[in-house]
Every structure is written in structure tokens, then in C-alpha cells.
Amino acid sequence: SPARAQDEAIIAATAETRLAYVLTGLSDLDELSRAGLEGLSLVLNRRTAVDAGDPRGVNLAVDDLNLFPLLYWPIRADHPDLANGVSERLDGYLRQGGMILFDTGDAGTLIPGQAGPGPGEQRLRQLLGDLSLPPLEPMPEDHTLTRSFYLLQEFPGRWTGRPVWVDQADPNVNDGVSSVIIGGHDWAGAWAVDELGLAAYPVLPGGERQREMARRVGVNVVMYALTGNYKTDQVHIPALLERLGQ
């Protein structure tokens, strides 16, 4: 029956941790996302306690978004318009604690130091026009994302040099965890692997050192999505222990 089929799909999606990416309808971009999250899953399996399965593409109009704590969403200038009802579904997903990593991937097309949004970022603004998002800000230096697993000062991908934005999370909602991360560094391109598990695309300008840092960015984002602000909470441990001693 349809209900049983739905239950089986939910069990399959939640039986193991799966990184999810938004299906855009652009076949080359969707394949890049799949290869990128496959490469990031390999890194997670080797370096962390996360046992990640094969990545899964998600249709925003029909799939149950709440099965996935994190969605990777690449935005290109030719990204199709959102289907009716998708904005409302996304609002519900974010309100219930979901997280979206938006990647416009256009940092490599911009002149270093160039002000103003790139073509992907302009398209992103159009697509998000109907979403009820809190104000965005450049990622603070003390944001939990900078230390959720690795200690990071920059967030490079295949490209680098552009700011990364996060929403100004309300500390009274979802434990103050940011629900939106926006950048243009083409993280999937840096994570992507081929059939042999080898890096699929060159990384510029920093080469393999930059790729390693991009992988660390991916690990931090996943750990942040799975564990929230626990790293920030740790600063209160001495005070809590003192109170318990009393």
C-alpha cells in the first residue's frame, strides 16, 4: 500500500546517516552535488564517529525534508524557479531545526576583492524572496562552526576569498543554532571524488592544502548540524561543576 511504501522509504532514509542534496533539475549540478557529498561521506567515515551512507538527492516539492538534518543546496544563475508550495515547506523545515548549506559556487568567477553579489548569489536572493529568514551576517569569528570539530579560521572550497554568511539565530529558538549557511566557494567541487575515490576537480589557488581545509569545512558543517552548539555549551562546564559541588 502507499502508506507501507512511505514507511519503508522513511526507514531506509533514517537507518543510517545520509548527507542530502537538493535536486535542482540541472543534471550536471546534481551530479556534482552527489559526487561532492560522496567524497565528504568518505572523509566523515574515516575521521569521525559518523557512519555515513550513500548521499541522497531530495525533491523539495515531495520528499519529507524533516528526515534530513542538513541539506546541501547549490544555486547557479540558471537555477529553475521553485515549485508552488516549496517556500512554505522550507519555512517549516527550518523552523523545526533543519539546516541548509547554500552554495552559489561563483567565487571562482569573481575578481578578487570585487564587491557586490555574483550571478549565483543574485539568483539565490530571488529564490529566497518568499522565505521567512532572520537577518544574515558574516560568520562571526567565534561561531560554533569554527570549532565544531576542527579549529577553522577560513571556509574555503574549490574557490576561496568570499565571505560566508549565517543567520542571526535567536538563542531561544533551536538552541540558537544557525539554520542557514551561505557561501560561494563550491564546496562540493572540492569534496567530489570519481569512481576510484580520487579527487575529481582541481582546487584553486591553494591546491591540495586548500582541498584538505575544504574537507575540514565539510566535517565541521556536518558535526554542527548533528550536534548543535554543544561546543559553545562546554564553556559553562566549570561553573556547572562548581554549582554541583555546592
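The values are calculated or read from the model by the stated rules, or taken from the named source; none is laboratory data. Nothing here was measured: the structure is a model prediction, and the numbers come from that model. When we count neighbours, we look across all protein chains shown, and the Cβ atoms used for this are built from the backbone with ideal geometry, even at glycine. Only protein heavy atoms, including side chains, enter the accessible area calculation; ligands, DNA and RNA are left aside. Shrake-Rupley method; radii C 1.70, N 1.55, O 1.52, S 1.80 Å.
Using the Cβ atoms and a cut-off under 12 Å, what net charge is assigned to the surroundings of Arg211, where Lys and Arg are +1 and Asp and Glu are -1?
For residues surrounding Arg211, the net value is +1.
Determine the gain in length on full extension of the stretch Ser132-Asn45; use 0.36 nm per residue of separation and subtract their C-alpha separation, reporting nm with one decimal.
27.8 nm
Calculate one ³J(HN,Hα) per residue across the range 134-144 by plugging θ = phi - 60° into the Karplus curve 6.51 cos²θ - 1.76 cosθ + 1.60, and present them in order as whole Hz with x for glycine and proline.
My calculation for the range 134-144 gives x, x, 9, 8, x, 4, x, 4, 9, 5, 4 Hz in order.
Net charge near Tyr201, counting Lys/Arg +1 and Asp/Glu -1 over other residues with Cβ under 10 Å of its Cβ?
0
Summing Lys, Arg as +1 and Asp, Glu as -1, what charge do residues with Cβ under 13 Å from the Cβ of Ile75 carry, Ile75 excluded?
My count for the surroundings of Ile75 gives -4.
Rolling a 1.4 Å sphere over the protein heavy atoms, what is the accessible area per residue of the range 80-220, to the nearest Å²?
Using a 1.4 Å probe on heavy atoms only, each residue of the range 80-220 averages 50 Å².
Within the P(r) computed for the range 52-124, what percentage of the Cα pairs occupies the region above 18 Å?
49
DSSP loop (so not H, G, I, E, B), at most 16 other Cβ within 10 Å: list which GluC sites (Glu not before Pro) in the range 55-160 pass both filters.
Glu141, Glu154
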